[in-house]
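Colleague: One structure, as structure tokens, below. Some questions next.
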Amino acid sequence: MQTNNRQSDALLARLHELHPKHIDLSLDRIMRLLALLGDPQNKLPPVIHIAGTNGKGSVLAFLKAILQAKGKRIHAYTSPHLLNFHERIQLGGKTIDEATLVALLTEVIEKNGKDAITFFEAVTAAALLGFVRHPADYLLLETGLGGRLDATNVVARPRLSILTPISLDHEHFLGDTLASIAAEKAGILKQDTMAIIARQDEIAQSVIETHAQQINAPLLSANRDWHAHQHKDRLLIHYGDNSMDLPLPNLAGAHQIENASTAAMAAHFLGIDEKAIAQGIKQAHWRGRLERLPKGCLTDKTATTEIWLDGGHNPAAAKVLADWAQAQNQKQPRPLYLICGMLNSKQTVNWFKGFAKLQPIIHTIAIPDQANSLSADRLSISAKQAGLTAKPFANITQALMDISDPQARILICGSLYLVAHVLRANGETIS
């Protein structure tokens, strides 16, 4: 697929030119365009709408695998992509092909004409059109940014809403407090539509509950209506007088216990049996999230070196990564190195503070081919301001070469753009 994208790439580039702002949260423009396209948002298969700050993609991956284990045909819409735009749109469980994507984008461009429309709004309209024209049992619809004014929030009657953990991120669009961000995310909740709520900060939970009461949206909330925890090599979920005894997810990190249990409760609400839930949790896969590279990748060091990838870019994600690294060190102690690249819109000092207790050695780089990347020098300063040892490097190869310990545990992190660069350098593709 990577070698046959020229026509879709040209169409996507045209969409970037239709509105001066890359992000401009509003529903007016997309509703106008959808009306011209025959209002596909009103003809979709049952929609599971997913919003939150962290974990949206993982929850979607778990729920998709669970529903497929039950034999369901699944559409999915996610963002951003790692290597190829086509990854964002899955029709019946398969990545959209070039011809179908080109046809949908062409139709959207022709119908929209010269009217202002953001890139995300236009491609969301194209995706919705595709979802209507291909049969499926469910559509897993992930928000792009926020919720209330996100382009995906055009579905009036979803089958189910899901809110993953909410934390500070994208403050320049969603507000600079946890309460304001939670209010935006809670905007996907709909009257008389069940919502599965993952574990939240107390402030976020209060905002969600208040909004749900105002619009009469029923909630199933973690640590109130259901409880999940790991017991030895099992994931146990208790709800009311019932429980589920499930395998641990293959996705690394304790946070995936929460994500898997959120998906499990969503599937339970949809009537999926425990056998299919267990199979899906075991089989779910999500690239670029605590993904370990095969031995010998990127470096000629001995096969004992560990190299991991993760695209988490906000302070809450940093805490998750630090918790994972600490747990790994308790199992098998290794010196921890972070090779980091981040965009200039991120809370870099607070991100690095998440690792303060571990005191890893930081190697900073600029993200290749990203105009909005922080320089290695500037990112190194942020790490030092957080009390960590840091050194800038010209590129990832030099950052890796400077790590001489064959027992090192290396985490390449800070941005999905950096993860994508590493995967490309390693010759990998997304199917």
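The values are calculated or read from the model by the stated rules, or taken from the named source; none is laboratory data. Note that the structure is predicted; figures quoted are calculated from it, not measured. No Cβ is skipped: glycine too gets one built from the backbone with ideal geometry, and neighbour counts run over all protein chains shown. Side chains included, ligands, DNA and RNA excluded: accessible areas come from the protein's heavy atoms. Shrake-Rupley method; radii C 1.70, N 1.55, O 1.52, S 1.80 Å.
Colleague: Charges at C-beta only: +1 for Lys and Arg, -1 for Asp and Glu. How large is the resulting dipole of the range 1-91 about its Cα centre, in Debye rounded to 20?
Modeller: On the way: 12 positive and 6 negative charges, 69 e Å.
Result for the range 1-91 is approximately 320 debye, rounded to the nearest 20.
Colleague: Also, I was wondering about something else. For the range 61-80 and the range 96-151, what is the separation of their C-alpha centers, rounded to whole Å?
Modeller: Measuring centre to centre over Cα atoms gives 18 Å.
Colleague: Also, quick follow-up: Quick one: plug the Kirkwood hydrodynamic radius of the range 1-91 (C-alpha pairs) into Stokes-Einstein at 20 °C, 1.002 mPa s, and report D in µm²/s.
Modeller: Working: Rh = 15.9 Å.
Rounded to a whole number, D works out at 135 µm²/s.
Colleague: If you take the square roots of the eigenvalues of the alpha-carbon gyration tensor of the range 163-239 and sort them as a ≥ b ≥ c, do you get rounded (a/c under 1.5), prolate (a/b over b/c) or oblate?
Modeller: On the way: a/c = 2.72, a/b = 1.43, b/c = 1.91.
Note, shape of the range 163-239 comes out oblate.
Colleague: Can I ask one more? If N is the number of residues in the range 207-263, what value comes out of its Cα radius of gyration divided by 2.2 N^0.38 Å? Could you put the intermediate results ahead of the total?
Modeller: Details: Rg = 13.5 Å, N = 57, 2.2 N^0.38 = 10.2 Å.
Against the empirical 2.2 N^0.38 Å value, I get 1.32 for the range 207-263.
Colleague: Within 10 Å, count the other beta carbons around each residue, average over each peptide in 260-268, 187-195, 79-87, and list them highest first. Please report the intermediate quantities before stating the final value.
Modeller: Values: 260-268: 27.7, 187-195: 19.2, 79-87: 17.7.
Ranking, from highest mean packing down: 260-268, 187-195, 79-87.
Colleague: Okay, moving on. Please sort 44-52, 114-122 by packing, taking for each peptide the average over its residues of neighbouring beta carbons within 10 angstrom, highest first.
Modeller: Working: 44-52: 23.4, 114-122: 20.0.
In decreasing order of mean packing, 44-52, 114-122 become 44-52, 114-122.
Colleague: What nm value, rounded to one decimal, do you get for the distance between residue 385 and residue 295 when each label is placed 7 Å out toward the C-beta?
Modeller: Once both label points are built, they end up 4.2 nm from each other.
Colleague: Same structure again: Taking the alpha-carbon distance from residue 114 and a cut-off under 18 Å, which lysines remain once sequence neighbours fewer than 8 residues away in the same chain are dropped?
Modeller: 21
Colleague: Calculate, in nm to one decimal, what residue 115 and residue 202 gain on full extension: separation in residues at 0.36 nm each, minus their alpha carbon distance. Display every interim value, and only then the final one.
Modeller: Details: separation 87, 0.36 × 87 = 31.32 nm, distance 4.23 nm.
Between residue 115 and residue 202, full extension yields 27.1 nm more.
Colleague: Quick one: with all protein chains in place, what share of the accessible area of the range 95-181 is carbon or sulfur, to the nearest percent (1.4 Å probe)? Mind dumping the intermediate values first?
Modeller: Details: 1590 of 2930 Å².
Ligands and nucleic acids excluded, carbon and sulfur reach 54 percent.
Colleague: If you don't mind, there's one more thing I want to ask. Using a 1.4 Å probe, what is the accessible area per residue for the chain, in Å²?
Modeller: Values: 18360 Å² over 431 residues.
Each residue of the chain exposes 43 Å² on average to a 1.4 Å probe.
Colleague: Ratio of Rg to Rh for the range 109-185, alpha carbon only, Kirkwood?
Modeller: Dividing the radius of gyration by the Kirkwood radius yields 1.02.
Colleague: May I ask which residue of 267, 278, 256 lies farthest towards the positive end of the charge dipole of the range 251-293, with charges of +1 (Lys, Arg) and -1 (Asp, Glu) on Cβ and the Cα centre as origin?
Modeller: 256
Colleague: Let me ask something else. Bin by bin, in steps of 20 Å, what percent of the Cα pairs in the chain do you find, going until the bin that has the longest distance?
Modeller: 25, 59, 16, 0
Colleague: Next up: Please compute, for the alpha-carbon atoms of the range 272-431, the extent along each of the three principal axes and give them in descending order in Å.
Modeller: 52, 35, 33
Colleague: Any idea what the dipole of the chain comes to, in debye rounded to 20, about its Cα centre with Lys/Arg Cβ at +1 and Asp/Glu Cβ at -1?
Modeller: Numbers: 43 positive and 40 negative charges, 115 e Å.
For this selection, approximately 560 debye.
Colleague: Another one. Any idea what log10 I(q)/I(0) is at q = 0.22, 0.30 Å⁻¹ for the range 87-144, Debye with uniform C-alpha scatterers and no solvent?
Modeller: For the range 87-144, the Cα-only Debye profile gives -0.89, -1.40.
Colleague: Now for a different question. Listed here are the pairs 43/94; 43/282; 232/282; which of them are more than 26 Å apart at the Cα? Intermediate values should be presented prior to the final figure.
Modeller: Details: 43/94 20 Å; 43/282 32 Å; 232/282 16 Å.
Violating the 26 Å Cα-Cα cut-off are 43/282.
Colleague: Which one, 316, 362, 305, projects farthest toward the positive side of the charge dipole computed for the range 305-407 from Cβ point charges (K/R +1, D/E -1)?
Modeller: In the range 305-407, that residue is 316.
Colleague: Calculate the dipole size of the range 196-276 relative to its Cα centre from +1 charges on Lys and Arg beta carbons and -1 charges on Asp and Glu beta carbons; express the result in debye to the nearest 20.
Modeller: Working: 5 positive and 10 negative charges, 27 e Å.
For the range 196-276, the charge dipole is close to 120 debye.
Colleague: Can I ask one more? Residue separation times 0.36 nm, minus the C-alpha to C-alpha distance between residue 216 and residue 327: what's the value? Please report the intermediate quantities before stating the final value.
Modeller: Details: separation 111, 0.36 × 111 = 39.96 nm, distance 4.10 nm.
This chain segment gains 35.9 nm when fully extended.
Colleague: What Kirkwood Rh does the range 236-358 have if only Cα atoms enter the pairwise 1/r average? Answer in Å.
Modeller: Values: mean 1/r = 0.0600 Å⁻¹.
With all distinct Cα pairs of the range 236-358 included, I get 16.7 Å.
Colleague: A further question follows. Rounded, prolate or oblate: which one fits the range 44-124, using the alpha carbon gyration tensor with axes a ≥ b ≥ c (rounded when a/c is under 1.5, else prolate when a/b beats b/c, else oblate)?
Modeller: On the way: a/c = 2.10, a/b = 1.63, b/c = 1.29.
Taking the square roots of the gyration eigenvalues as a ≥ b ≥ c, the range 44-124 is prolate.
Colleague: In the Gaussian network model of the chain, springs joining C-alpha atoms below 10 Å, which of 152, 210, 95 carries the largest mean-square fluctuation?
Modeller: Fluctuation is largest for 210.
Colleague: Which lysines have a Cα less than 18 Å from the Cα of residue 319, not counting those fewer than 8 places away in the same chain?
Modeller: Excluding near neighbours in sequence, the set is 56, 346, 353, 357, 384.
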